[in-house]
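See structure below.
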There are 4 protein chains.
Amino acid sequence: MHVIVWSDDAGGAALVGPAARLHPDGVAATLGTLVQQQLPAASVTVAGLHEPEDGLPDGLLARADVLVWWGHEAHEQVSDLTADRVERRVRDGLGLVALHSAHYSKVFRRLMGTSCDLQWRENGEDREVIWTVDPAHPIATGVPQPIDLGGHETYGEPFEIPAPDQLVFISWFTGGEVFRSGCCFVRGSGRIFYFAPGHETYPVYEHPHIRLVIGNAVSWASRAR
Amino acid sequence: MHVIVWSDDAGGAALVGPAARLHPDGVAATLGTLVQQQLPAASVTVAGLHEPEDGLPDGLLARADVLVWWGHEAHEQVSDLTADRVERRVRDGLGLVALHSAHYSKVFRRLMGTSCDLQWRENGEDREVIWTVDPAHPIATGVPQPIDLGGHETYGEPFEIPAPDQLVFISWFTGGEVFRSGCCFVRGSGRIFYFAPGHETYPVYEHPHIRLVIGNAVSWASRAR
Amino acid sequence: MHVIVWSDDAGGAALVGPAARLHPDGVAATLGTLVQQQLPAASVTVAGLHEPEDGLPDGLLARADVLVWWGHEAHEQVSDLTADRVERRVRDGLGLVALHSAHYSKVFRRLMGTSCDLQWRENGEDREVIWTVDPAHPIATGVPQPIDLGGHETYGEPFEIPAPDQLVFISWFTGGEVFRSGCCFVRGSGRIFYFAPGHETYPVYEHPHIRLVIGNAVSWASRAR
Amino acid sequence: MHVIVWSDDAGGAALVGPAARLHPDGVAATLGTLVQQQLPAASVTVAGLHEPEDGLPDGLLARADVLVWWGHEAHEQVSDLTADRVERRVRDGLGLVALHSAHYSKVFRRLMGTSCDLQWRENGEDREVIWTVDPAHPIATGVPQPIDLGGHETYGEPFEIPAPDQLVFISWFTGGEVFRSGCCFVRGSGRIFYFAPGHETYPVYEHPHIRLVIGNAVSWASRAR
C-alpha cells in the first residue's frame, strides 16, 4: 500500500508557536510518521504544497492508494490543475483521508459539491469528546467509546456536506456544539473519509485513539478493507 | 388528516409528581392538544393502553393517517396482537411519530430490527441543545438553529438503530453526550420519525420549537409533504 | 410557487426531425406547458440558453422555487458564471429537477462532485420500463407500478453519481441494461431530483405517468412537500 | 475466520429433479465447498435445519464470524428460539450472507423490520444480468460488469426492504423486471449482505463471478474488510 501524506504548511515553515513545536517538520511529517507506525507495511511519501506541482505530480498520484490531506491556511494556493488531477484520481480509485480543515480544500469541496461551511470557534477552553455511532464500520475497529480528546478547537453544525454515505463519529464540544466529525463518502471508485480532529496547536495526533482511527481510515480508503 | 395520539400512562393515572402536574389527563392528551393546535385542520383522536384493544383497534388504525406514540413504563403491556396490527398498518402507509422512550416500544423495535438500546441518565442537572443537520428536510421547516431545550433527561450514543434514512437532528447534553435525536425511516409505505424529546417531568412539549417539530413531523409522516 | 423551465435548444431552433415536430417551440416550452397543467397554481417561466445571461439572470433565480433543467447538446455553452449562480442558488434552497441528459450539465456535475458518466445507446428498438422502489416517496405518489414508457433511448449503469439520498425509480431496457432513473439528492438547502426520461425524439413528455412524476418532483423540490 | 454455511433442505433430502442433481448433498454442502475454495484459510462448517437446535446451537454461533443462509421451503420450520439466537448474534457482530429466498427467512425479516415481499416468476425462459452500481464496494472487488448469469428464476420489484445502507448490484430480467439483488445492511455490530442469485434448479453457484461475489461477501461480512 502506497500512502501520500500531504500538508500545506511548507514543511513546517508556515507554523509558529505551539504548532511549530508540535510539528517541527510540518504536519505532513507528523502524519507520515503516524501512518508509518500504524501501518508498518505501508510505503509512505510525505509531500507538501511548496514542492513542484504542489507536491502532487501525476506520477506520484498514479502509484498511490491513499492520499492523506491536511490543509489550513493555503487552500487557495493549490492550483486548479492540481485540484483537477487529484479529483480525477480520487474518482478513479485513490482513497482520500481529509483531515481537519481539509473540509475547505478545493479537492474536498469539489468532490462534495457543497460549500462545506461549518461553525468554528477557538477559545482555548473547549474540550472535544468523540462518539462512535456505527460500531460495525471498519474505521471504528478497536476504537473505545467515547474518545475523550481533551482540549481542541470547536467545530459545529450546520456542516454543509451531503448526507454522508456512512456516518461513523459525532463529536461533542463543551460550548454546546455537536459535529459530524467522522464521515465516509464514495465518489466514483474512490473512498473518502473526513475526520475533523487535527488543529495544529493541540497534540491531537499524539492521542492513541486518534492514531488508531487514522490508521483504520487509511486501510479502509485503500480498499484493503 | 386523521391523527391518533397514544400514550401508555392510563390517561395520566400512572403519572406522579411533576409529570402528573404537567400532564393532568395524560401525555396523550397533552400531545393531542399540541397536534390540534399545530394542525388545526387535523382530526385528532386521543387514545391509550388502558382502553379496549390497547386503545388501537383495527377500525381506528384503518382510518388514521398518522399515529403519534408516546410510551414509557408499559412497553411490555402492549399485546403482541396490537403490535402486529400497528406494525402492519405502518408498513401499509400509516405514519408513525415515535416520541421519547417510544424507541423501546414493541412496534418501533420490530420496525427497526434492532435492540434500540441507548445510554440514558437523569440527574436533574442536564441541559439539551438540538442541532439541525438537514435544513432542507420538511421536518426542519422554520426550526431555528439550535433549539435550546433547557433541562431534560440525557439520552446518549450508542443508539442501536439502523442508519436513519434521513438524520435531521443531533442533540448535545451537558454531561458530554450526543444523540441522534431526530431520525427518519421508511418501512414499506410508512414513514417513521423518531424524536427524542419528551421526558414527562420536563415541560418540553410547551417549548414552541418542539411543538413546531412535532407538527411538521405529523405532516411529513401523513405523506402530506 | 414559481418554476423556471429551461432548455438549451434555442427555443426549438436547434431541433430537427421528430424532435422539432414534438417540440416546435423547444423542449422548455413543452415542459412549461406540462408543469403548468400538472400544477395549475404555479407561476411558470420558460427560459433558454439563447437568452441574455444564458436565460438565468440573478433576479429570475432569486424569486424561483424550482428550476427544471433540460439540456442535451450545449452543456459547455453554459457559462461558468451561470453555473456558479445556479449552483449557489440550489444550495441556498432552489429546487432542481434535472431531466434526461441534464446529468451532464455543468450545474448537475458540480453539485454531484462526480463525472456523471453513464452508458447510452440509441437504436430505435429499445423499450424502457420504470419501477418504483420507494413507494412512500412524495415523487411516487399516485404512480402506477411499473410505468411502461415504450420506445426510448437506452441509458445504462454504471452511472457515476454519489449514492442517491433516496432512490425512487429504477429502469429496465430491452437490451439488458438497468439504470437508476429517479434519484433524489439534497445539497445544502436545495432538493435535487434527477429523472432520466426525456429524449427529444420520443413523445415521453406526453406520457401521463411521466407527467405525473414531473409534477410531483416539482412539488417536492419546491419544498411544498 | 469461521464460517457456518446453512440450508433448510435436509442435506439435499428435500431436493428433487435438477436441484438434487446440482446439490446431491444439499445446497449448504455446495456453498460450503464454494466458500472453502474462495477463502482457503477459512474454517467452514456445513449445517442444516434437520440437525439438533435447527443446526445452529449457541456454541457454534458463538465462535462463528459469518453465517451464510440459504433457505427456500422451510422458513416456518425454523423455531422462534433459533431465530432469536441468530438475530441476537447478528446484532452482536456475526456477519450474515442471506442468499436467494433467505429474504423470506424469519431471521432476515426480523432484522429488516419489513415484509421482504417481492415479485417472482419462474418460466424457464428468463435470463438474469447483474450490474454493479457501487464499484468501490469491497463486495464488488474484481467483479466484471455485468455478470451475465444466464437462465434464472425472476425476482422483481417492488422488494419491500428498508433502503439498503449500500446498494451494490441491480439485476435485469428478460421479462421486464429489475431487482435490487445485492444489498448491504448494518444492524447493531453485524453486517448483512443479501444476494438474490441461487435458485436451486440452476447452476448459478458454478458461475465464477457469483462465486467471487459470495467469497467477497463472506470476507466483508466477517469484518475482515
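Every number in this text was worked out from the coordinates using simple rules, so none of it is lab data. None of the values given here were measured: they were computed from a predicted structure. Here Cβ is always computed from backbone atoms with ideal geometry, including for glycine, and neighbour counts include all displayed protein chains.
Each row is one residue, and each column tells you yes or no for (1) in a helix (DSSP H, G or I); (2) of a type in the set (A, V, I, L, M, F, W, C).
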| site | (1), (2) |
| --- | --- |
| A:ALA20 | yes, yes |
| A:ALA28 | yes, yes |
| A:THR33 | yes, no |
| A:PRO40 | no, no |
| A:VAL44 | no, yes |
| A:GLU53 | yes, no |
| A:LEU60 | yes, yes |
**Request:** Pick out the one residue from C:TRP131, C:TRP120 that is closer than 28 Å to D:PRO158 by Cβ and surrounded by fewer than 20 Cβ atoms within 10 Å (Cβ to Cβ).
**Result:** C:TRP120
**Request:** Output the number of the condition that A:GLY215 fails; it satisfies all remaining conditions of (1) under 16 Å from the mean Cα position of the chain (by Cα); (2) farther than 18 Å from A:VAL27 by Cα.
**Result:** (2)
**Prompt:** Considering segment B:97-148 alone, what residues qualify as being of a type in the set (D, E, K, R) and farther than 30 Å from D:VAL86 by Cα?
**Reply:** B:ARG121, B:GLU122, B:GLU125, B:ASP126, B:ARG127, B:GLU128, B:ASP134, B:ASP148
**Prompt:** Can you find a residue in segment A:196-207 that is among the aliphatic types (A, V, I, L, M), within 14 Å of chain B (Cβ to nearest Cβ), under 13 Å from A:ILE139 (Cα atoms) and crowded, with 24+ Cβ neighbours inside 10 Å?
**Reply:** no
**Complete:** Being closer than 30 Å to A:THR154 by Cα and either within 15 Å of the chain's Cα centre (by Cα) or outside any loop (DSSP other than H, G, I, E, B) (or both) narrows B:GLY198, B:GLY175 down to just B:GLY198
**Message:** Just the residues that are at the interface with chain C (Cβ under 10 Å from one of its Cβ atoms) and farther than 18 Å from D:ARG211 by Cα, please, taken from segment D:166-186.
**Reply:** D:GLN166, D:LEU167, D:TRP172, D:PHE173, D:THR174, D:GLY175, D:GLY176, D:GLU177, D:VAL178, D:PHE179, D:ARG180
**Message:** Tell me the residue from D:VAL178, D:VAL143, D:VAL168 that is without any contact (Cβ under 8 Å) to a residue 40 or more places away in the chain, touching a His at 6+ places or on another chain (Cβ under 8 Å) and closer than 22 Å to C:VAL178 by Cα, please.
**Reply:** D:VAL168
**Asked** Within segment C:62-97, which residues are within 21 Å of B:THR141 (Cα to Cα), touching a strand residue (DSSP E or B) at 6+ places or on another chain (Cβ under 9 Å) and not basic (Lys, Arg)?
**Response** C:ALA64, C:ASP65, C:VAL66, C:LEU67, C:VAL90, C:ASP92, C:GLY93, C:LEU94, C:GLY95, C:LEU96, C:VAL97
**Prompt:** What pairs come up if the first residue lies in segment A:60-76 and is in contact (Cβ under 8 Å) with a residue 60 or more places away in the chain, the second is surrounded by fewer than 19 Cβ atoms within 10 Å (Cβ to Cβ), and their beta carbons are under 6 Å apart, counting only those six or more places apart or on different chains?
**Reply:** A:ARG63/A:HIS2; A:ALA64/A:HIS2; A:ASP65/A:MET1; A:ASP65/A:HIS2; A:HIS75/A:TYR104
**Message:** For segment C:77-117: of the residues being in contact (Cβ under 8 Å) with a residue 60 or more places away in the chain and of a type in the set (Val, Ile, Thr), which is surrounded by the fewest Cβ atoms within 10 Å (Cβ to Cβ)?
**Reply:** C:VAL78
**Message:** I'm told A:PHE195 meets every condition in (1) free of Cβ contacts under 8 Å to residues at least 40 places away in the same chain; (2) touching a strand residue (DSSP E or B) at 6+ places or on another chain (Cβ under 9 Å); (3) within 28 Å of C:ARG88 (Cβ to Cβ) except one. Can you identify the failing condition by its number?
**Reply:** (1)
